[in-house]
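Engineer: Pasting a structure here, questions to come.
What follows is calculated from the coordinates using simple rules that are stated; it is not laboratory data. Here the structure is a predicted model, which means the values were calculated and not measured. No Cβ is skipped: glycine too gets one built from the backbone with ideal geometry, and neighbour counts run over all protein chains shown.
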Amino acid sequence: MSQCNLKSISTNEAPLAVGPYSQAIICNDLVFISGQIPIDPKTNQLSNDNFENQVKLVFNNISAILKEANSSLDKVVKTTVFIKDISKFGAFNEIYATYFINNKPARSLVEVSNLPKGALVEVEVIAKI
């Protein structure tokens with residue numbers, strides 16, 4: 001088994017990490033993006049917008065990190081989604097489908113009791129480079 005050469009990824013086009021972790025880590029030909037909550041990268045503040053707009057902001061931030069890692073949403077192989085209200089499952093799916101048109105990655109989605117900074121959604125992804 002080959003060694004994994006780790007490379008940290010960071011871009012100003014996505015929010016700064018809110019703790020002691022990287023926006024993303026590259027290991028060989030995979031990029032692992034830390035859970036993204038709807039923080040506006042321009043203000044570094046949580047969006048107080050509705051659920052749908054929070055989801056869009058999360059995917060815009062993920063797209064920016066993927067771009068910095070020389071990847072894209074078309075290369076995502078797995079997503080993990082955390083939402084505060086499972087009744088938003090259908091609304092989430094509608095938005096999610098607009099970001100994953102050609103490639104439909106494996107996915108887990110769970111309802112959680114709370115998320116950092118009171119966010120309504122958090123998404124992490126694994127993608128090929």
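Engineer: Take every DSSP beta bridge with both residues inside region 6-128 and express the antiparallel ones as a percent of the total, to the nearest 5. Let's see the in-between values first.
Structural biologist: Numbers: 22 of 28 bridges.
Expressed as a percentage, antiparallel bridges in region 6-128 total about 80.
Engineer: In the Gaussian network model of the chain, springs joining C-alpha atoms below 10 Å, which of A91, A14, A24 carries the largest mean-square fluctuation?
Structural biologist: A91
Engineer: Here's a follow-up. Determine ³J(HN,Hα), in whole Hz, for all residues of region 36-43 in sequence, where each value follows from phi through the Karplus function 6.51 cos²θ - 1.76 cosθ + 1.60 and θ = phi - 60°; x replaces Gly and Pro.
Structural biologist: Listing the rounded values in order: 10, 9, x, 9, 6, x, 6, 10 Hz.
Engineer: Please compute the net charge surrounding I83, taking Lys and Arg as +1 and Asp and Glu as -1 over other residues with Cβ under 11 Å from its Cβ. Spell out each step's value before the answer.
Structural biologist: Working: positive: K84, K88; negative: D85, E111, E122.
With Lys, Arg at +1 and Asp, Glu at -1, the net is -1.
Engineer: A further question on this structure: Straight distance only, please: which lysines reach the Cα of K67 with their own Cα at less than 23 Å, same-chain residues fewer than 8 apart left out?
Structural biologist: In chain and number order, the partners are K7, K42, K56, K75, K78, K104, K128.
Engineer: Highest GNM mean-square fluctuation, the chain, Cα pairs closer than 10 Å: which of S108, S72, S34?
Structural biologist: Among S108, S72, S34, the largest mean-square fluctuation in the Gaussian network model of the chain belongs to S108.
Engineer: Using only DSSP helix segments of four residues or longer, with each worth -39500 (n - 2.57), what per-residue ellipticity at 222 nm results for the chain after dividing by its residue count and rounding to 500? Numbers along the way, then the final one.
Structural biologist: Values: 2 runs with 29 residues, N = 129.
-7500 deg cm²/dmol, from helical runs alone.
Engineer: I would also like to ask the following. Just how large is the dipole of region 6-128 about the Cα centre, in debye to the nearest 20, putting +1 at every Lys and Arg Cβ and -1 at every Asp and Glu Cβ?
Structural biologist: Numbers: 12 positive and 12 negative charges, 49 e Å.
Taking the Cα centre of region 6-128 as origin, the dipole is about 240 debye.
Engineer: Using amide H atoms built in the peptide plane, which far-off residues or other-chain residues are under 5 Å from G35 H to H?
Structural biologist: Result for G35 returns nothing.
Engineer: Quick one: 3J(HN,Hα) in Hz for region 122-129, Karplus 6.51/-1.76/1.60 with θ = phi - 60°, rounded, Gly and Pro as x.
Structural biologist: For region 122-129, the Karplus curve yields 9, 9, 10, 9, 10, 9, 7, 9 Hz.
Engineer: Choose one answer from F92, F100, F82: the residue with the largest mean-square fluctuation in a GNM of the chain with alpha-carbon springs under 10 Å.
Structural biologist: Looking only at F92, F100, F82, the biggest GNM fluctuation is shown by F100.
Engineer: How much length is gained on full extension from T80 to L6, taking 0.36 nm per residue of separation minus their Cα-Cα distance? Don't jump to the answer; show the numbers that get you there.
Structural biologist: Details: separation 74, 0.36 × 74 = 26.64 nm, distance 2.14 nm.
Net length gain for the segment: 24.5 nm.
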